[in-house]
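Structure first, then comments.
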């Protein structure tokens with residue numbers, strides 16, 4: 001955890017416009033339009049996952065005015081993707097401003113996949129889909145497979161299963177911790 005018990009040290013990479021907005025306004029909020037622009041033809045996949053995450057995150061962290069989509073940060077610096085350039089940030093964030101989760105569970109959501117209770121559960125769900133010739137992405141993005149879509153979306157609730165443990169510093173269940181933030185404040189940057 002951070003130096004104070006009510007904060008956590010996180011790492012992120014942000015583009016120049018984000019840094020400029022933080023410098024200018026003292027805070028920056030992510031917008032759906034930015035995500036659509038960034039991912040273009042893949043935007044539907046990302047907005048599906050992000051919109052679900054927004055609804056879930058609101059259960060844990062109050063969404064401030066001006067926020068639409070989250071920023072991502074990581075507990076370990078090595079998880080920050082710097083392949084696209086950007087500005088590496090070290091943040092000291094109040095714990096009541098973050099939602100903490102397993103990075104690999106979030107990657108499953110980004111791929112519109114089922115999050116099982118365990119590997120056996122995931123394998124059984126995959127076998128069920130294969131029996132019907134259904135791909136997870138098709139189930140989530142279309143209305144042709146309502147039962148499977150419901151099962152996948154319901155499984156995403158497992159993303160937050162370790163949040164309370166992680167907030168209290170217990171990382172034994174999660175190899176790589178990711179965080180969702182509604183905003184980035186200038187005073188958080190170290």
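Worth pointing out:
- So residue 61, is it in contact with a strand residue (DSSP E or B) (Cβ under 6 Å, 6 or more places away or on another chain), assigned to a helix (DSSP H, G or I) and either under 28 Å from residue 167 (Cβ atoms) or without any contact (Cβ under 8 Å) to a residue 12 or more places away in the chain (or both): no
- Residue check for residue 34: in contact with a strand residue (DSSP E or B) (Cβ under 8 Å, 6 or more places away or on another chain), modelled with pLDDT under 90 and either surrounded by 15 or more Cβ atoms within 10 Å (Cβ to Cβ) or in a helix (DSSP H, G or I) (or both): yes
- Unmet criterion (only one of (1) in contact with a helix residue (DSSP H, G or I) (Cβ under 7 Å, 6 or more places away or on another chain); (2) over 22 Å from residue 160 (Cα atoms); (3) touching a residue at least 24 places away in the same chain (Cβ under 8 Å); (4) assigned to a helix (DSSP H, G or I)) for residue 28: (4)
- Annotation for the stretch 61-68: at least one member residue is crowded, with 17+ Cβ neighbours inside 10 Å and more than 15 Å from residue 110 (Cβ to Cβ).
- Of the set (1) touching a helix residue (DSSP H, G or I) at 6+ places or on another chain (Cβ under 9 Å); (2) surrounded by 17 or more Cβ atoms within 10 Å (Cβ to Cβ); (3) assigned to a helix (DSSP H, G or I); (4) touching a residue at least 60 places away in the same chain (Cβ under 8 Å), all apply to residue 50 but (4).
- Looking at the stretch 120-167, the helices (runs of 4 or more DSSP H) lying wholly inside it that each contain 3 or more residues that are touching a helix residue (DSSP H, G or I) at 6+ places or on another chain (Cβ under 7 Å) sit at 136-141, 146-155.
- Which listed residue is within 30 Å of residue 16 (Cα to Cα) and at pLDDT below 95, from 85, 169, 180: 85
- Qualifying residue in the stretch 90-98 (condition: modelled with pLDDT under 95, within 20 Å of residue 160 (Cα to Cα) and not in a helix (DSSP H, G or I)): no
The values are calculated or read from the model by the stated rules, or taken from the named source; none is laboratory data. Only a predicted model underlies this, so the values are computations on that prediction, with no experimental measurement involved. Note that each Cβ is placed from the backbone with ideal geometry, even for glycine, and that neighbours are counted across all protein chains shown.
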